[in-house]
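Below: one structure, written as structure tokens.
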Amino acid sequence: MSAKTLPVVVAAGMLLGVLPAAADETGLAGIHDMRREGRRVCFPDHFHSGSGNGPSKKVAIAQAIGSWQDFTTLEYGSSWGQWSKAGSKKIGCAPSGGGQWSCQIEARPCK
């Protein structure tokens, strides 16, 4: 493939939705240090947090994870915003009265 045809192939891939998730990266990840951790690339010392509330601990955790993923995806792109790939996960939950739960989470974004 020549240097002249590569931009055409990339543009076509974007239109067809066949490029990997990295295509939506915002470029902001580059402001942080990164290191390889097994099969992932992670920020070694940058954490994101999320919070959630719900009628059960399980629902509150799911809300907190959604909060973490939404913000991380917005800031860096979907390849970084996957809780399942995050490093150094911390979850703290407590009853907040009236049968409700409140959860706070934090983790380092990885892809």
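Worth a mention:
- Criterion (modelled with pLDDT of 95 or more, within 17 Å of GLU37 (Cβ to Cβ) and surrounded by 18 or more Cβ atoms within 10 Å (Cβ to Cβ)) met by exactly one of SER88, SER79, SER84: SER79
- Beta carbons closer than 7 Å, at least 6 apart along the sequence or on distinct chains, pair a first residue in segment 76-87 that is under 13 Å from ARG40 (Cα atoms) with a second that is part of a loop (DSSP other than H, G, I, E, B) and open to solvent by 20 Å² or more (accessible area, probe 1.4 Å) for SER79/GLU25; SER79/LYS111; TRP80/LYS111; LYS85/LYS111.
- In segment 24-58, residue farthest from TRP83 (Cα to Cα) [restricted to those that are of a type in the set (A, V, I, L, M, F, W, C) and touching a strand residue (DSSP E or B) at 6+ places or on another chain (Cβ under 7 Å)]: MET34
- Any hit, segment 3-21, residues being within 17 Å of LYS111 (Cβ to Cβ), touching a Lys or Arg at 6+ places or on another chain (Cβ under 9 Å), assigned to a helix (DSSP H, G or I) and modelled with pLDDT of 50 or more: no
- Residue in segment 91-101 that is within 28 Å of ARG35 (Cα to Cα) and at pLDDT 95 or above present: yes
- Looking at segment 30-97, the strands (runs of 3 or more DSSP E) lying wholly inside it that each contain 1 or more residues that are closer than 10 Å to ARG108 by Cβ and more than 10 Å from the chain's Cα centre (by Cα) sit at 35-37, 40-42, 87-97.
The values are calculated or read from the model by the stated rules, or taken from the named source; none is laboratory data. Predicted model only: the values in this text are computed from it and were never measured. FYI the Cβ positions are ideal-geometry reconstructions off the backbone, even for glycines, and counts take in every protein chain you see. For accessibility, only protein heavy atoms count, side chains too; no ligands or nucleic acids. Shrake-Rupley method; radii C 1.70, N 1.55, O 1.52, S 1.80 Å.
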